[in-house]
1. Restricting the search to the range 39-53, which residues are among the aliphatic types (A, V, I, L, M) and either over 16 Å from GLY121 (Cα atoms) or assigned by TED's automatic domain parsing to the domain that holds VAL108 (or both)?
2. Of the numbered conditions (1) under 17 Å from VAL133 (Cα atoms); (2) at pLDDT below 95; (3) among the small types (Gly, Ala, Ser), SER51 fails exactly one; give the number of that condition.
3. Tally up the residues in the range 77-97 that are of a type outside the set (Val, Ile, Thr), touching a residue at least 40 places away in the same chain (Cβ under 8 Å) and part of a loop (DSSP other than H, G, I, E, B), please.
4. Given the condition in contact with a Ser or Thr (Cβ under 7 Å, 6 or more places away or on another chain), surrounded by 22 or more Cβ atoms within 10 Å (Cβ to Cβ) and part of a loop (DSSP other than H, G, I, E, B), answer yes or no: does some residue in the range 117-125 qualify?
5. Does the range 77-86 contain at least one residue that is over 16 Å from the mean Cα position of the chain (by Cα), of a type outside the set (A, V, I, L, M) and modelled with pLDDT of 95 or more?
6. Tell me, please, whether a residue that is assigned to a loop (DSSP other than H, G, I, E, B), outside the structural domain of SER118 (by TED's automatic domain parsing) and in contact (Cβ under 8 Å) with a residue 60 or more places away in the chain can be found in the range 54-76.
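The values are calculated or read from the model by the stated rules, or taken from the named source; none is laboratory data. The shown structure was predicted, so the numbers you read here are calculated from the model rather than taken from an experiment. With ideal geometry, Cβ positions are generated from the backbone for all residues, glycine too; neighbour counts draw on all protein chains shown.
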Amino acid sequence: MTALTEGRNTPQRLPGDRAGPVAASVLIHAGALVMRNAAGYLTKGATATGSVGVGRAEARVDNSSGSAGDATLTFRPGVFRFANSASTDEITIAEVGDVCFVVDDQTVAKTNGSSSRSPAGIVEDVDALGVWVRLDEALTKTAAA
């Protein structure tokens, strides 16, 4: 590609909803914590390794009898409240700014569960109703590295 010699209308993707192909045999409910697996497909939050939190599902997508990529999910990066884990994995105000980890499609934990959980996102706040998590794929990958 050569350098520009005149103005160009460069395409732009604004912040907001994103979309991507869904993993095989997955049902993702609206509002679920969404992860991208190691193969690049979107899946619901679950205890697993090799994935990273990317956002919140904006609609229900049923690819439970489909192959990888047969369905597309719309998701939104941002800060969302999810359920807090319990006992020694409960997130407190002391973990604000730390990476938290996926337990399931609505729950996050303080630890990686002895290397059995993938990073969800960055803890923004903790209140009586749960944990506010910043779901930003690039930020989380960097922070978890």
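1. ALA39, the sole residue that qualifies.
2. All conditions pass for SER51, except number (2).
3. So the first thing to find is which residues in the range 77-97 are of a type outside the set (Val, Ile, Thr), and the list is 77-78, 80-87, 89-90, 94-95, 97.
After this cut, where a residue has to be touching a residue at least 40 places away in the same chain (Cβ under 8 Å) as well, the list is 77-78, 80-84.
Of the ones still in play, those that are also part of a loop (DSSP other than H, G, I, E, B) are 77.
Residues in the range 77-97 being of a type outside the set (Val, Ile, Thr), touching a residue at least 40 places away in the same chain (Cβ under 8 Å) and part of a loop (DSSP other than H, G, I, E, B): 1 in total.
4. Among the residues of the range 117-125, at least one is in contact with a Ser or Thr (Cβ under 7 Å, 6 or more places away or on another chain), surrounded by 22 or more Cβ atoms within 10 Å (Cβ to Cβ) and part of a loop (DSSP other than H, G, I, E, B), which makes the answer yes.
5. The initial filter retains those residues of the range 77-86 that are over 16 Å from the mean Cα position of the chain (by Cα), namely 85-86.
This time we only want the ones that are of a type outside the set (A, V, I, L, M), so: 85.
Cutting the leftovers down to modelled with pLDDT of 95 or more gives us 85.
For the range 77-86, residues over 16 Å from the mean Cα position of the chain (by Cα), of a type outside the set (A, V, I, L, M) and modelled with pLDDT of 95 or more: present.
6. no
Yes/no per residue for (1) surrounded by 15 or more Cβ atoms within 10 Å (Cβ to Cβ); (2) in a strand (DSSP E or B); (3) among the hydroxyl-bearing types (Ser, Thr, Tyr); (4) at pLDDT below 95:
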residue	(1), (2), (3), (4)
MET1	no, no, no, yes
LEU4	no, no, no, yes
ARG8	no, no, no, yes
PRO11	no, no, no, yes
GLY20	yes, yes, no, no
ALA30	no, no, no, no
MET35	yes, yes, no, no
ALA39	no, no, no, no
THR43	yes, yes, yes, no
